[in-house]
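Rule-based calculations on the coordinates, nothing more; no lab input. In this text, all values refer to a predicted model and were calculated from it rather than measured experimentally. All Cβ positions, even for glycine, are placed from backbone atoms using ideal geometry, and neighbour counts span all protein chains on display.
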Amino acid sequence: MFAEMFAQLGDMPKPIPNDEIRDRQSTLYSTLDNDDLLILCASPETIHSNDVHHPYRTQSNLLYLSGWLEPDAVMCALNNDGKWETHLFVQPKDTLKEIWEGRRPGVKGAEENWPIDFAHSVDELKGKLSEFISQSSRIMHRMGVMSHVDDLVVEAIKKRDRARQKLGSGPISIEDPSNRIAEMRMIKSDSEIAQMKFASDVSSLAHIAAMKHGGGGNSKENQLQSLIEGFFRYAGTSGWSYPSIVGSGENATILHYKQNEDYCKDGEIVLIDAGAEFRGYAADITRSWPNNGQFTDAQKEIYQIVLDAQMAAIDACVVGNPYNAPHEAARKVLAEGLIQLGVITQGLDDALDLDAGQLKNWYMHNTSHWIGLDVHDVGVYLPNGEPRLLENGMCLTIEPGLYFGAWRPDVECPERYANIGIRIEDDILVTNEGPVVLTDMCPKTIDEIESIVGTAN
């Protein structure tokens with residue numbers, strides 16, 4: 001089965017080239033002062049139990065600016081006589097540890113194959129970093145990632161007054177560089193888009209496989225989850241970009257449902273929100289479909305409203321539009337649809353009111369978020385208090401939904417729509433020529449879905 005799905009994928013894209021990562025470094029360094037010191041730390045490994053670790057994923061800014069994936073790493077950059085130097089501290093070669101845990105590039109491998117100027121063992125970090133800090137006036141460092149690096153930085157700042165008085169050197173301030181890097185990460189290059197497109201195609205095929213095998217009321221949520229995530233790994237991605245949501249029936253009305261343990265009963269809607277990660281880049285797809293392969297009239301009514309809302313929101317992903325334009329477009333269509341069905345008894349303007357409008361009873365989340373190296377990617381949504389304008393190369397999700405949880409005590413759920421939860425989500429690239437749906441391989445019309453569900457049984 002997986003082999004047949006895999007054959008539908010295009011060729012795996014080439015990795016982000018080192019020259020591009022070098023260009024990223026140069027762009028960032030151009031915003032710094034010559035006596036700044038940049039420090040980027042890898043995420044720490046976390047323990048599952050005893051000596052068993054959770055799967056490792058490094059910090060995204062470090063990945064973006066070095067391409068390095070291994071734990072315990074620290075990247076530093078400083079200006080030396082008018083030229084910026086990039087230093088990377090890595091785990092040294094260690095035969096015994098490599099026998100147990102896998103091969104390491106080591107210092108030599110890092111210096112030869114990664115876009116850096118100098119590589120060092122992490123055993124040299126304390127001495128080298130202390131030296132770098134003493135030469136700097138401002139330290140560009142995000143606290144809270146690697147505690148022993150934080151300690152070095154804090155200690156240097158504590159000593160700044162004496163050092164400055166005596167020697168005229170030493171740091172006087174700390175600044176988090178995350179916002180500077182976030183601004184760079186918001187605009188995706190062609191090579192980044194290629195990684196995201198591959199992750200999107202893998203995710204799309206996995207969703208199709210779940211639809212094919214999910215019909216008949218005989219499946220469980222965890223079985224569908226295993227099918228999807230199994231293909232993620234089979235296709236060569238690192239796995240999921242976020243924990244998969246597989247909810248059937250009333251579970252589909254829970255936004256971040258994660259138990260994924262119930263049976264998918266015949267006639268219920270199955271909502272799956274799942275995406276793969278490839279070389280650090282995320283995909284994010286949600287599809288909702290009837291487990292027996294045929295939408296009821298009530299399910300069709302809600303599904304079509306959500307689909308129409310999503311299409312309106314995608315159409316609003318236009319260069320120059322404010323970031324919230326897709327959200328407002330989706331809300332308008334959702335409200336109009338529910339008014340027509342009689343679910344909302346207010347007029348349109350009243351229904352859309354954020355405080356007293358009835359739409360919020362059934363649609364309670366935003367329509368979009370940035371996507372890239374993080375599934376909820378970096379980037380300020382409201383710079384200076386105003387919605388950011390969409391630009392060529394930005395990527396965002398479009399994911400309207402309607403959720404009629406009959407179990408909820410806070411609303412009176414219409415019996416006709418009891419426990420129907422529908423969300424439709426795609427990943428969108430904003431271009432000068434109009435929006436591009438990166439997840440376009442994944443079907444979403446009523447006719448398409450009904451023609452697929454249960455066909456593998």
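Quick notes
- Ordering of 392-398, 15-21 by burial proxy (mean other Cβ atoms within 10 Å per residue, highest first): 392-398, 15-21
- Counting every C-alpha pair in region 187-253, the share spaced more than 18 angstrom apart comes to 43%.
- What the phi angles of region 255-260 give under the Karplus curve with 6.51, -1.76 and 1.60, with θ = phi - 60°, is a coupling list of 4, 10, 4, 9, 5, 6 Hz, glycine and proline written as x.
- Peptides ranked, highest mean first, by Cβ atoms within 10 Å: ranges 356-368, 298-310: 298-310, 356-368
- Neighbour-count order for Asp51, Asp176, fewest beta carbons within 10 angstrom listed first: Asp51, Asp176
- Other-chain or far-sequence residues with amide H under 5 Å of Lys220's (modelled H): Cys264
- Region 304-374: proportion of alpha-carbon pairs further apart than 14 angstrom, %: 59 percent
- Amide H contacts under 5 Å for Gly214, placed H, 5+ residues apart: Gly454
- Only alpha carbons enter this Debye calculation for region 2-183, each as an equal point scatterer, and the log10 of I(q)/I(0) it gives at q = 0.08, 0.10, 0.18 Å⁻¹ is -0.30, -0.45, -1.24.
- If you look at the Cα atoms of region 127-281, you get an Rg and a Dmax of 24.4, 79 Å.
- Length-normalised contact order of the chain in % [C-alpha pairs under 8 Å, at least 6 apart]: 14 percent
- Under Karplus coefficients 6.51, -1.76 and 1.60, residue-wise ³J(HN,Hα) of region 201-207 in Hz, glycine/proline x: 5, 4, 5, 4, 5, 5, 5
- With the convex hull of its Cα atoms as the shape, region 187-452 has an orientation-averaged projected area of 13.4 nm².
- With the convex hull drawn around the C-alpha atoms of region 268-404, the volume per residue stands at 117 Å³.
- Across region 10-26, coupling constants 3J(HN,Hα) worked out from phi with the 6.51/-1.76/1.60 Karplus curve, θ = phi - 60°, read x, 5, 5, x, 5, x, 4, x, 4, 4, 5, 5, 4, 5, 4, 4, 4 Hz, and Gly and Pro carry x.
- Amide H contacts for Ser121 (H built 1.01 Å from N in the peptide plane; partners 5 or more residues away or on another chain; cut-off under 5 Å): Val90.
- Derived value for region 325-412: Kirkwood hydrodynamic radius 14.7 Å. Basis is the mean of 1/r over every pair of different alpha-carbon atoms.
- Value of relative contact order over region 2-183, rounded to a whole percent, pairs C-alpha under 8 Å and six or more apart: 21 percent
- Here the Kirkwood formula puts the hydrodynamic radius of the chain at 24.2 Å, using every distinct Cα pair.
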